[in-house]
Amino acid sequence: SKRHGRGRSSCYTRGMQEAVSERVQIETNMRTAIERGEMHLAFQPVLALTDDHVIGYEALIRWDHPTLGAISPVQFIPMAEETGQIVPIGAWVLQEACRQIALLPGDVYVAVNVSPVQFRSPLLLSHLTQALSQSGLPAHRLEIELTETAIVEDGSQIATMLEAIRRLGVTVAMDDFGTGYSSLAHLRDFPVDRIKVDRSFVATAESDRHSMAVLEGITHIARALGIPVLAEGVETPSQLELLRKIGCDAIQGYLVGRPEPLVRAATSQPSTSQR
Ligand code: C2E
Ligand code: CA
Ligand code: CA
Ligand code: CA
């Protein structure tokens, strides 16, 4: 209640009050940030290890706030999910990602993060269809990235939604794989087109036997199921070589390229090809 809230606020330190008012400011400004042109997309390349070619890009949202500066999606996406703003913001991301990728020569794909809240929204299918028709991008060049939480929370409706998305021709990747629970059961129940192994496994594989075992295990099982594996967060040449040896299909990470505006991302050479 209101009274309870006021009572608690008297205990706040000055720093906490500032944090709260910043949060309110972020929440309020989020509604109009897109029309004010404060949001843009950064694109990070995906490198296929079979032939060391860029096969796609992941679109990552960026917000440059006029007074607060760059606000990380780690901070504002959860707020957008709580307020429901993620639905219109996510629709814009889909539209903008497809529009920009369609302008590139070749047939690279674009991967777009879709929040569990969007995934549960009845608007998602029409947002996908609109982004494709407005950009002219063929459906098979759009991939959506879902985390396991999107798949865990609802039971039967998930399968129906996944089926509808794949019927459009859009592919589905499971993001941050290995960080949720009962991951392997999900692969059986909800077939996906790609697995993205969380970067925490890549970061610790060389120093931690258990991480290494999980990384190898995921790759082998995915291979057996015929699902391509992409490792995230690859930062060093030795991580790359390890992933090659294990049989990973693709990588993403600072070693190949940082997220940046597409014009720059598409013209810079991946550093791994200079051997
Ligand atoms: P994610 O989907 O797991 O995205 C990967 C994150 O790892 C990105 O952070 C990327 O910049 C970062 N990254 C990439 N390569 C490396 C590397 O080599 N080393 C390290 N340390 N980090 C690397 P970012 O852009 O800050 O995004 C964070 C999260 O915010 C994303 O995690 C995703 O969950 C969410 N997000 C970003 N854009 C969107 C969006 O458009 N919609 C939704 N729903 N979520 C988004
Ligand atoms: Ca992602
Ligand atoms: Ca990820
Ligand atoms: Ca993540």
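Details
- Solvent-accessible area per residue for the chain (1.4 angstrom probe, square angstrom): 51 Å²
- Take the Cβ atoms of Asp193 and Val24, set R0 to 25 Å, and the FRET efficiency comes out at 0.05.
- Heavy-atom accessible area order for Ile55, Ile227, largest first, 1.4 Å probe: Ile55, Ile227
- The label point for Glu206 and the one for Thr13, both projected 7 Å from the Cα toward the Cβ, are 3.8 nm apart.
- For the chain, the longest site-free run once chymotrypsin sites (Phe, Trp or Tyr not before Pro) in DSSP loop states with at most 12 other Cβ atoms within 10 Å are removed: 13-180
- Dipole magnitude for segment 5-158: computed about the Cα centre from +1 point charges on Lys and Arg Cβ and -1 point charges on Asp and Glu Cβ, it is near 640 debye.
- Axis of helix 156-168 versus longest Cα principal axis of the chain: the two differ by about 60°, to the nearest ten degrees.
- Antiparallel %, DSSP beta bridges [both residues in the chain], to 5: 45 percent
- Amide H within-cut-off set for Val170, under 5 Å, with H built and near neighbours excluded: none
- Seen from Ser126, the other residues with C-beta closer than 15 Å to its C-beta sum to a net charge of +2, counting Lys and Arg as +1 and Asp and Glu as -1.
- Volume in Å³ per residue [convex hull over Cα atoms, computed for the chain]: 165 Å³
- Between Ala164 and Leu68, the simple label model (points 7 Å from Cα in the Cβ direction) yields a spacing of 3.2 nm.
The values are calculated or read from the model by the stated rules, or taken from the named source; none is laboratory data. Because the structure is predicted, anything quoted here is derived from the model rather than measured. Cβ sites come from the backbone with ideal geometry, for glycine too, and all protein chains shown count toward neighbours. Surface accessibility is based on the protein's heavy atoms, side chains included, excluding ligands, DNA and RNA. Shrake-Rupley method; radii C 1.70, N 1.55, O 1.52, S 1.80 Å.
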